[in-house]
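To start, the structure under review is shown below, and the notes come after it.
Bear in mind these aren't lab numbers, they're just calculated from the coordinates by the rules spelled out. Here the structure is a predicted model, which is why all the values come from computation and not from measurement. Glycine also receives a Cβ, built like all others from the backbone with ideal geometry; neighbour counts cover every protein chain displayed.
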Amino acid sequence: MKRILAILVMVSMLVGCSQATESSSVSTPSEPSTDTEMFTERDRRADYDADTATRIDLNTASSPVNITEEGVYVLSGSLSGRVIGDAPDTAKVQIVLDNATLTNPTSAALEIRQADKVFVTLAENSQNTLENGGTFAEDKVDGALFSKADLTLNGAGNLTVISPSGHGIVGKDDLVITGGAYIINCASHGLDANDSIRVADASLTVSAGKDGLHAENNDDAQKGFVYLESGNFTLTAEGDGISAAHTLTVLDGIFTVTAGGGSENGTKTASDNYGGFMGGGMPGGMMPPGGGGGRPRTASAVIDTTEESTSMKGLKSGADLKICGGTFIIDSADDA
């Protein structure tokens, strides 16, 4: 019976995932209904015309470096300061990081104030760094990479993001990653987005003082979703590994998640009321399969939480949670 139930649960889960990615009947108006709508062709394309691109040598540049027009900009070298993207709201801007290091002691290293959409491309085999020095002097700017416009990161290079007093990468609209390898060390959320976080074919190693990945829109409850198509995710978070205010969908990927310091930080005390299982039985006084009413729970720890406590779950969503595939190793102080 247990085996049959397990198979039914797996079939049900896969059907739900199929509906989520292939049909238009998803009850999430602000979330695209198919995986092809999650990423545009332009999101996945990291090439550019090197002959017509504007090249900026950060070694000789003065801060701030201002990007005010649509186009392709190739950054290389080092700068103690920041790059600001402030183009017309119809402009599409591509910023190529080609062995670029930006360190800003008092704000974002790369800040996008306005554009229609910005693509940050990591040049192949390049090593890049965006770092905040420990304070954010400007109101509402709270990430080493901060964008008010739709933001896509792609390419085949490497990016290290360091933010000792804020978030790592912030997207106030949609935040999309379709390639590259990222190491993010931050005091708050590793990735933080208002509308959505969408990742495919990327490697993310995150050490966060709050959530590893966090999507939440305080003005629109139908937004704030996370969609993970593929990739390698190593997430170490003091809060949740992945937190979506609305829907969390995982199609595939390799996930190693440590939340809240791991299970050793959970309070290992049994509760007769946990999950509505009165006296160790099932709701309504029924016994779980195999009996065992009232026996102590040794394999699963019941977490002693309060309203004020920090959420320390592996994967969390406020609405639907759809796991269609992937490999998971989760060590969490609260629910996996």
Filtered hits (lysines, Cα-Cα < 29 Å from Lys92, offset >= 8 within chain) -> Lys117, Lys140, Lys148, Lys172, Lys223
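Please give me the summed charge of the neighbours of Leu122: other residues whose Cβ is under 15 Å from its Cβ, Lys and Arg +1, Asp and Glu -1.
Result for the neighbourhood of Leu122: -3.
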Whole-Å distance linking the alpha carbon centroid of segment 209-263 with that of segment 49-127 is 28 Å
Expected vector for segment 198-206, Karplus 3J(HN,Hα) from phi with 6.51, -1.76, 1.60 and θ = phi - 60°, integer Hz, x for Gly and Pro, equals 10, 10, 8, 6, 10, 10, 10, 10, 10
Spelling it out for Phe328: with amide H atoms placed in the peptide plane at 1.01 Å from N, the residues 5 or more places away or on another chain with amide H under 5 Å from its amide H are Phe255
Sorted by chain and then number, the residues having a modelled amide H within less than 5 Å of the amide H of Ile323, at least 5 places away or on another chain, are Val250
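Report the calculated FRET efficiency for Arg45 and Ser78 (r = Cβ-Cβ distance, R0 = 25 Å), to the nearest 0.05.
Details: r = 28 Å, r/R0 = 1.12.
That gives a FRET efficiency of 0.35.
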Other residues with Cβ under 11 Å from the Cβ of Asp211 give, with Lys and Arg +1 and Asp and Glu -1, a net charge of -1
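Cβ under 10 Å from Leu175's Cβ, Leu175 left aside: what net charge do those residues give with Lys, Arg +1 and Asp, Glu -1? Could the numbers behind the result be given before it?
Values: positive: Lys172, Arg198; negative: Asp150, Asp173, Asp174, Asp192, Asp195.
My count for the surroundings of Leu175 gives -3.
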Taking placed amide H atoms and a strict 5 Å upper bound, the residues 5 or more places from Thr160 or on another chain that come that close are Asn128, Thr129, Leu130, Ile183
